[in-house]
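Have a look at the structure below before the remarks.
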Amino acid sequence: MRNRYVSKPKLSTSANPAWTEPHPLFFEGEAISWLRGLGQNHSSYLVLTDSNTRRLCYPHLEPHLPPHYLMSIQQGEASKQLQTCLPIWEEMNAKGADRGSLLICLGGGVVTDLGGFVASVYKRGIATAYIPTTLMAMVDASLGGKTGLDLAALKNQIGTFHQPEAVLVLPELLDSLPSREWMNGWAEVWKHVLLALPEEWESFKEESPKLSYDLLRKAIGVKMALVSEDPLELGVRQRLNLGHTAGHALETMALATGQDLLHGEAVAFGLLAESEWAYKNGLSEQGLHEDIKKYYQTHYQHSLPKAWVEELFSRALAQDKKNRQGQLRLCLLEEVGKPIEGIAADLTVFAGHCREVWEGLKSKS
C-alpha cells in the first residue's frame, strides 16, 4: 500500500474539547509529540488493540507511549458485541484504572467503536484517545465521538457520544493494510467527495483510487465540519449517513446469513441504491446516477452479496436509528456537494427498490 499518500500538509489543532465539541486532530510528528508529552497527565494508561494491530502497529508506537497496560481483542466485526466488553472492564478494574485513566485505542473502526464505548461507561466515563490504523477509521470511524456496538447482527444499535481527547493520524500505518481493507475505507472517502468536495469529483471518478495527503485531509475535514456544527446528530450531521441506510441493512443481512461483506463494500452499494432512488424520485439528474453506477461497477461490483433475504433486509431497515414514525429518513444527493437530509421514504417500497438494484447488478456479475 505504499505511495498511496504523500506526506506534506498538516491540519490545525485546538485545545481539548468538552464532550459535545469536536476533538483535536494531530498528524504525524505532532501525533508522536502528543504521545510523548502525556507524562503524568493521567493517573494511568491503557492501550487497546486487536490481534492484527498488536502484531503490525503496536511495535512501532510502543517506544513513544508512556508506561501502560496492554489489552487485545480478536480482530473483526464479530468482536463488536457487549460480551466483548466485560473482560476488558474486568482487566481495567484489576489493573486499578480509575476516572483519571486514559484508554488509548489503537486499531480500526471496531477497536475505536468498542473502545470508545468501554471508556464512556467505565466508572461513568474515562478519557480516550484514538490512533486509527485503517483508512476507514482515519476518515470516519475514529472521528466525531460516536461509539457503537452491534446487537447480534444489527449494526451499531448500542452506543454513546463520547469525544476522545485526541485523534492521532499516522498515515504510514496504512502501509500494512491489505488491498481489500484499503478499498473498504475508500468507500467513505468516495462518500465525502460526493457530500462536500465537488471540485474533486471530475478527477476522482476517472482515476484509479489513490489517496494523496491533501485528499485525506479534505475527507477528514468534511466529517469534522459537520460534527462541529451538529455534534449530537440532530441535523446536518445526518448527511454523513449518505449510503448508510441501504448500506447498513445490506451489511446486517450479509452478517446474519454468513456472507463476507465489509462495511465500506456495503456503503458503496448504498451510495448506488440511494442515488438511483434520488434519480427515480426526481431529486437528481440521471448523469449523476450513471456516474455513481459506473464507479460502483468498476471498483465494488465484485463485493456484491450472492444471496438476498428480503425479510432480513427489511427487518434491518426497520431498526435504522434515523427512522421516525415508521418511515425511513434518507440523506440523498441533489448533485455532488448538495446533500439533503431527512427525506422520508416508505420502508417496504425502498426495500423493494434495493432488491431491484441488487438483481440488476447480479445479472451483470
Once the in-chain neighbours fewer than 8 apart are removed, the aspartates and glutamates whose Cα is under 17 Å from Lys322 read Asp150, Asp230, Glu233, Glu251, Glu274, Glu341, Asp346
Projecting the Cα atoms of Ala266, Ser101, Tyr295 onto the charge dipole of the chain, where Lys and Arg contribute +1 and Asp and Glu -1 at Cβ, the residue farthest towards the positive end is Ser101
Helix-only [θ] at 222 nm, the chain, -39500 (n - 2.57) per DSSP H run of 4+, per residue, nearest 500, equals -13500 deg cm²/dmol
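What ranking do 166-172, 224-230 get when scored by the average of other Cβ atoms within 10 Å per residue, highest first? Could you put the intermediate results ahead of the total?
On the way: 166-172: 22.1, 224-230: 17.3.
Top to bottom by mean Cβ count within 10 Å: 166-172, 224-230.
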Taking placed amide H atoms and a strict 5 Å upper bound, the residues 5 or more places from Lys155 or on another chain that come that close are none
Percent relative contact order for segment 189-276, counting Cα pairs under 8 Å at least six residues apart, stands at 26 percent
The relative contact order of the chain, taking Cα pairs under 8 Å that sit 6 or more residues apart, comes to a percentage of 15 percent
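No lab work stands behind these numbers, since they all come straight from the coordinates. The structure displayed is predicted, hence computed values, not measured ones. Reconstructed Cβ throughout: ideal geometry from the backbone, glycine too, with neighbour counts over all protein chains shown.
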